[in-house]
Amino acid sequence: MPRKIKYPTDKQLELWQLKRDKLKGKEIAERKKVTTGFVSKTLMDANERIRGLLEHAAHMNKITVEILSEEVGFARGTSAMLGGILCYITFSPKNGVQVWYEHKGDCTNCEKFAMCKDILLQEFKERNVKVDNPSMRPTDLTDLLFKTLEEMVET
């Protein structure tokens, strides 16, 4: 039986974002005036829920996961159904779960241009990653984003 998927609570997301901003558990506890035990438990629960969301998205889209980091909110895998192309799954508090398929499209003629660009720039913003050229096409932004996220997972 599949496990029940739960979205992280507001408190879990708040502490998870602080941890993703490179604060230590003790620093988060001091800032939020809670115990380090509370921070630890809340982050474990948040990570479990985020992992569940990423795994669920992969399962629903028939993606074989190769890399998954609930701390970064990122997974990478391949889709056998689509000829083994690379697929990326992101999670952010603002954008929720997003599934991306590697391709080189003609962004200038795409009706989703503005939406994709807004989501991608938000992904960078929530991860405190500066984009030198925010006017890049969405397909170029995805290349930069996924390279950056893979580097975050590796460190």
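The values are calculated or read from the model by the stated rules, or taken from the named source; none is laboratory data. Only a predicted model underlies this, so the values are computations on that prediction, with no experimental measurement involved. All Cβ positions, even for glycine, are placed from backbone atoms using ideal geometry, and neighbour counts span all protein chains on display.
Residue-wise test of (1) under 18 Å from the mean Cα position of the chain (by Cα); (2) farther than 28 Å from H103 by Cβ.
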{"position": "K4", "(1), (2)": "no, yes"}
{"position": "W16", "(1), (2)": "yes, yes"}
{"position": "K26", "(1), (2)": "no, yes"}
{"position": "S40", "(1), (2)": "no, yes"}
{"position": "D45", "(1), (2)": "yes, yes"}
{"position": "T64", "(1), (2)": "yes, no"}
{"position": "G84", "(1), (2)": "no, no"}
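Name the single residue that is nearest to F91 (Cα to Cα) among those in segment 101-124 being loosely packed, with under 14 Cβ neighbours inside 10 Å and charged (D, E, K, R).
Only one residue fits best here, namely D118.
Inspect all residues belonging to segment 61-79 and state whether any of them is without any contact (Cβ under 8 Å) to a residue 24 or more places away in the chain and either part of a helix (DSSP H, G or I) or of a type in the set (F, W, Y) (or both).
No; the residues of segment 61-79 include none that is without any contact (Cβ under 8 Å) to a residue 24 or more places away in the chain and either part of a helix (DSSP H, G or I) or of a type in the set (F, W, Y) (or both).
Please verify whether G84 is over 18 Å from Y7 (Cα atoms), of a type in the set (G, A, S) and touching a helix residue (DSSP H, G or I) at 6+ places or on another chain (Cβ under 8 Å), treating the condition exactly as stated.
Criteria not met by G84.
I'm told M152 meets every condition in (1) in a helix (DSSP H, G or I); (2) of a type in the set (A, V, I, L, M, F, W, C); (3) farther than 22 Å from L15 by Cα except one. Can you identify the failing condition by its number?
(3)
Select from segment 125-144 the residues that are touching a Ser or Thr at 6+ places or on another chain (Cβ under 8 Å) and touching a residue at least 24 places away in the same chain (Cβ under 8 Å) and write down the one among them that is nearest to L86 (Cα to Cα). Break it down into steps so the answer makes sense when it comes.
Just the residues of segment 125-144 that are touching a Ser or Thr at 6+ places or on another chain (Cβ under 8 Å), to begin with: 126-127, 129, 137.
Now restrict to residues that are touching a residue at least 24 places away in the same chain (Cβ under 8 Å): 126-127, 137.
On the way: E126: 23, R127: 22, R137: 19 Å.
The qualifying residue nearest to L86 (Cα to Cα) is R137.
Taking the condition of being surrounded by fewer than 17 Cβ atoms within 10 Å (Cβ to Cβ) and not in a loop (DSSP other than H, G, I, E, B), how many residues in segment 80-95 meet it?
Adding up the residues that qualify gives 5.
Taking only segment 35-66 into account, find how many residues are more than 15 Å from Y7 (Cα to Cα) and surrounded by 15 or more Cβ atoms within 10 Å (Cβ to Cβ). Reasoning before the result, please.
Restricting attention to segment 35-66, the residues satisfying the condition of being more than 15 Å from Y7 (Cα to Cα) are 35-41, 58-66.
Now drop any that are not surrounded by 15 or more Cβ atoms within 10 Å (Cβ to Cβ), which leaves 38-39, 58, 61, 63, 65.
Count: 6.
So is R49 closer than 17 Å to T90 by Cβ and at pLDDT 95 or above or not?
The answer is yes for R49.
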